[in-house]
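**Student:** Take a look at this one; I'll ask things after.
Just so you know, all these numbers are worked out from the coordinates, no wet-lab data involved. Since the structure is predicted, the reported quantities are computational estimates derived from the model, not experimental observations. Because the Cβ atoms are built from the backbone with ideal geometry, glycine has one as well, and the counts that use them run over all protein chains shown.
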């Protein structure tokens, strides 16, 4: 036993990596279908979109890049499904340089292929603009001046969905999917606080705790935290997506980490008792 | 009044007149269709923010003025900042470099500004020991600022010849490309000390964990609360939130900078008082006090 | 003047944008929007600085055939290749730039992010040793939140998610707000020192 604890105490981190990899891969191959319920912040996200009158215009700010794709794409697709089911007109943009192709793909998959919506009439991808929160503030004065053309190079003045859209007052809600900076925090500080417009956020699990104060103060009407948030949201939207499928893997990975922490402490106390 | 002062007054007046004329011209212009032209010069909904800011500013400036008069000010020991000197000392003993990572944000983030201030002080210390200081940078705008801060640090230490411009390296503005490259520097160049001070996001643990695996002494600091747990578990010392901003005063011990810390502390005491009063009044059902703090 | 001009610009810009928060006047807001436009242009132009820095650092090393010079050459060539592909071929779907974006950049970025799962595991294993009472509190809370925030927690105990929500909403948030208030005051103080020119180390001035 002493030898085992010494081995655990000096454990090569690559062994931990192998166990974590197995804990993620195996449940994806052999699903366990563990049940779970929906938490309040996720319900808030769903209800905020649900309350927007059918056919209204919403701003869909997708502030992420390929790095956070596995975590944020499930909620992006689920949010698009809810918005398209309500026939909301989607004005998408990204403040991350590598974001627009990802937004374009999601819009093509959902709006064009699944819901047969028309580009320019029912949805538009405004693309990327350098400037981070400065762009947000600038949009408060004029969205067409900030984004004079869309991702495909068409002048915004020639796009039907953009007619009558001048600033944030002309959209009913901002749906933000955020991987970091610029993202939810900046949308709250620069836009929600200044223009008093409804804002919901879907973000990576690691940044969700930072946004909890905004949810509590009602500056965020709803919050999806990481893949778990996406999975809960998929239940509400009635969609079986990557979020729900990833929950078993995430559960197992957390259990493995817990077991390693437990083993590490057992080894620590055992060796401490023996004075090693 | 000498020529320099006259030039300054002319410059300030010119900029001010330009701004005023722009505002007046804009006033004449017709507002865009469908929007209402706002003629108000003060947003009364934000009076509470204005008063709070005025109190905080006054407290800071008052303490700075006091400090300038020579009043001695006590500042508590901050282990993380003391550790920077220790880390540089260890790097010197080992004859290895120090890696300074100033976060991933641009100069418009106050944390990056604070980080550049610390970088200047760190460069001054390092210059005395004659070891390389490597600064990998994610935002191109930060490159010239970091160069200037390090150059000035070496200059202040009387070692301008030891300053190596090529060690201030722009890597990539892509977050994970940057993280991969910095991890590469840690593994190839094996710095004896890693200083991670500034604004960090998902790359924080990737950097700190790789640094820990190389055996480097690590001092981290950020005001991005959600990344603090990662630094706490993977680094030897962590500067939490305000400690990052206190660094310049702490390291330089300049009275006027120490004064600003005292001002912040007074403001903090007032906030604590307001929280206590607010909690008591809310508990007994009195609502007006908390309403004073609602921001429109 | 070399010292004063940057300080004046900093002061005016800082004071102007503080004023912008309190002044709803449309003329003033429009001016702020215009200045923000300048800021966007300056930020975008700063990428030239980045490219120049990469060229300066890597050119010398390639020319002198220093260690790993071939990797540095690949870096510079790749940079110009993608720059050329984007400028001359466009960046929309179906272009060469897009192909490389989807097939190289996207999986590499996702790989780096995915590494976090493994690093979190090894960092948690190493750090969560119950050496003191504070360390015990940290480790126990971490484990509770970790298990409670995934579906298996709910299977173990039905109210586990509510319990972890409470941990997140009450003790966690209380600590976080305390740090936030301190950090915000520190940021205000640093901002004020920079605007008033008391702090100028970042400009390379003592």
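**Student:** Take peptides A:202-213, C:107-118 and line them up by average Cβ neighbours within 10 Å, highest first, as a rough protection proxy. Don't skip to the answer; put the middle values down first.
**Tutor:** Values: A:202-213: 22.5, C:107-118: 18.7.
Those peptides, ordered most packed to least, come out A:202-213, C:107-118.
**Student:** Which angle from 0 to 90°, rounded to the nearest 10, does the C-alpha axis of helix B:47-68 make with the longest principal axis of chain B?
**Tutor:** 50 degrees
**Student:** Still on this structure: Shielding by partners for B:234-242, please: the mean number of other protein chain Cβ atoms within 10 Å of each residue's Cβ.
**Tutor:** Details: counts 7, 1, 0, 0, 0, 0, 3, 11, 11.
That works out to 4 on average.
**Student:** Related question: Could you work out [θ]222 nm for chain A from helices alone, using -39500 (n - 2.57) per DSSP H run of at least four and dividing by all its residues? Round to the nearest 500 deg cm²/dmol.
**Tutor:** On the way: 10 runs with 128 residues, N = 276.
When only DSSP H runs of four or more count, the value is -14500 deg cm²/dmol.
**Student:** Looking only at other chains, what is the average number of their beta-carbon atoms within 10 angstrom of each beta-carbon in C:124-134?
**Tutor:** Numbers: counts 9, 14, 10, 9, 9, 8, 5, 3, 0, 0, 0.
Per residue, the average neighbour count from other chains is 6.
**Student:** Across the residues of A:29-40, average count of Cβ atoms on other protein chains within 10 Å? Write down the numbers at each step before the final one.
**Tutor:** Details: counts 0, 0, 0, 3, 1, 6, 3, 8, 5, 1, 6, 3.
So the per-residue partner count for this stretch is 3.
**Student:** Between Rg and the Kirkwood Rh of region B:214-296, both from Cα atoms, what is the Rg to Rh ratio? The partial results should precede the final answer.
**Tutor:** Values: Rg = 18.3 Å, Rh = 15.9 Å.
Ratio of gyration radius to Kirkwood radius: 1.15.
**Student:** Can you give the Kirkwood hydrodynamic radius for region C:1-89, in Å, rounded to one decimal and based on Cα pairs?
**Tutor:** Result for region C:1-89, one decimal place: 16.9 Å.
**Student:** Helix-only estimate, please: 222 nm mean residue ellipticity of chain B, summing -39500 (n - 2.57) across DSSP H runs of length 4 or more and dividing by its residues, to the nearest 500.
**Tutor:** Working: 11 runs with 176 residues, N = 296.
Here the helix-only value at 222 nm equals -19500 deg cm²/dmol.
**Student:** A follow-up question, please. When only Cα pairs under 8 Å and 6 or more residues apart are kept, what is the percent relative contact order across chain B?
**Tutor:** Details: 415 pairs, mean separation 67.3, N = 296.
Relative contact order for chain B comes out at 23 percent.
**Student:** Write down the Kirkwood hydrodynamic radius of region C:128-206, to one decimal in angstroms, obtained as one divided by the mean of 1/r over all alpha carbon pairs.
**Tutor:** 15.8 Å
**Student:** Would you compute the Debye intensity of chain B from its alpha-carbon atoms alone, equal scatterers and no solvent, and pass along log10 I(q)/I(0) at q = 0.11, 0.14, 0.15 Å⁻¹ to two decimals?
**Tutor:** -0.85, -1.11, -1.17
**Student:** Roughly what % antiparallel, to the nearest 5, for the DSSP beta bridges in chain A? Each step should come with its number before you reach the end.
**Tutor:** Working: 1 of 26 bridges.
The antiparallel proportion sits near 5 percent.
**Student:** State the dimensionless ratio Rg/Rh of chain A (Rg: radius of gyration of Cα atoms; Rh: Kirkwood radius).
**Tutor:** Details: Rg = 21.9 Å, Rh = 20.2 Å.
My calculation of the ratio gives 1.09.
**Student:** Tell me, A:39, A:146 in order of fewest to most beta-carbon neighbours within 10 Å?
**Tutor:** Numbers: A:39 20, A:146 24.
Arranged by neighbour count, lowest to highest, A:39, A:146 become A:39, A:146.
**Student:** Relative to the first principal axis of the alpha-carbon coordinates of chain B, what is the inclination of helix B:79-94, with its axis defined by its Cα atoms, in degrees from 0 to 90 and to the nearest 10?
**Tutor:** On a 0 to 90 degree scale, this one is about 30.
**Student:** Given the rule -39500 (n - 2.57) for each run of at least 4 DSSP H residues, summed and divided by the residues of chain C, what is its mean residue ellipticity at 222 nm, to the nearest 500 deg cm²/dmol?
**Tutor:** Values: 9 runs with 158 residues, N = 206.
So the helix-based figure for chain C works out to -26000 deg cm²/dmol.
**Student:** Arrange the following residues from fewest to most other Cβ atoms within 10 Å of their Cβ: B:235, C:78. Before the final figure, lay out the partial values.
**Tutor:** Values: B:235 27, C:78 12.
Ordered by Cβ neighbours within 10 Å, fewest first: C:78, B:235.
**Student:** So what is the relative contact order for region B:169-221, in percent, with contacts set as C-alpha pairs under 8 Å and at least six apart?
**Tutor:** Here the relative contact order equals 42 percent.
**Student:** A further question on this structure: What is the fewest-to-most order of A:172, A:35 by other Cβ atoms lying within 10 Å of their Cβ?
**Tutor:** Values: A:172 19, A:35 9.
Least to most surrounded, the residues fall as A:35, A:172.
**Student:** If I fit a long axis through the Cα atoms of helix B:255-283 and take the longest principal axis of the Cα atoms of chain B, what angle between them do I get, 0 to 90°, rounded to 10?
**Tutor:** Long axis of B:255-283 versus the principal axis of chain B: about 60 degrees.
**Student:** Follow-up. State log₁₀ I(q)/I(0) for region B:136-201 at q = 0.12, 0.20, 0.23 Å⁻¹ as given by the Debye formula over alpha-carbon point scatterers of equal weight, solvent excluded.
**Tutor:** Log-scaled intensity ratios, in q order: -0.35, -0.93, -1.14.
**Student:** Of all the C-alpha pairs in the protein assembly as shown, what % are more than 51 Å from each other? Let's see the in-between values first.
**Tutor:** Values: 38707 of 302253 pairs.
For the protein assembly as shown, the share of Cα pairs beyond 51 Å comes to 13 percent.
**Student:** If you don't mind, another one. For chain C, state the semi-axes of the equivalent ellipsoid (square roots of 5 times the eigenvalues of the alpha-carbon gyration tensor), sorted largest first and rounded to whole angstrom. Numbers along the way, then the final one.
**Tutor:** Numbers: eigenvalues 333, 231, 97 Å².
Each semi-axis is √(5λ); the values are 41, 34, 22 Å.
**Student:** Ok, one more. Assuming 0.890 mPa s and 25 °C, estimate D for region B:82-245 with Stokes-Einstein, Rh taken as the Kirkwood radius over Cα pairs, in µm²/s.
**Tutor:** Numbers: Rh = 15.2 Å.
D = 162 µm²/s.
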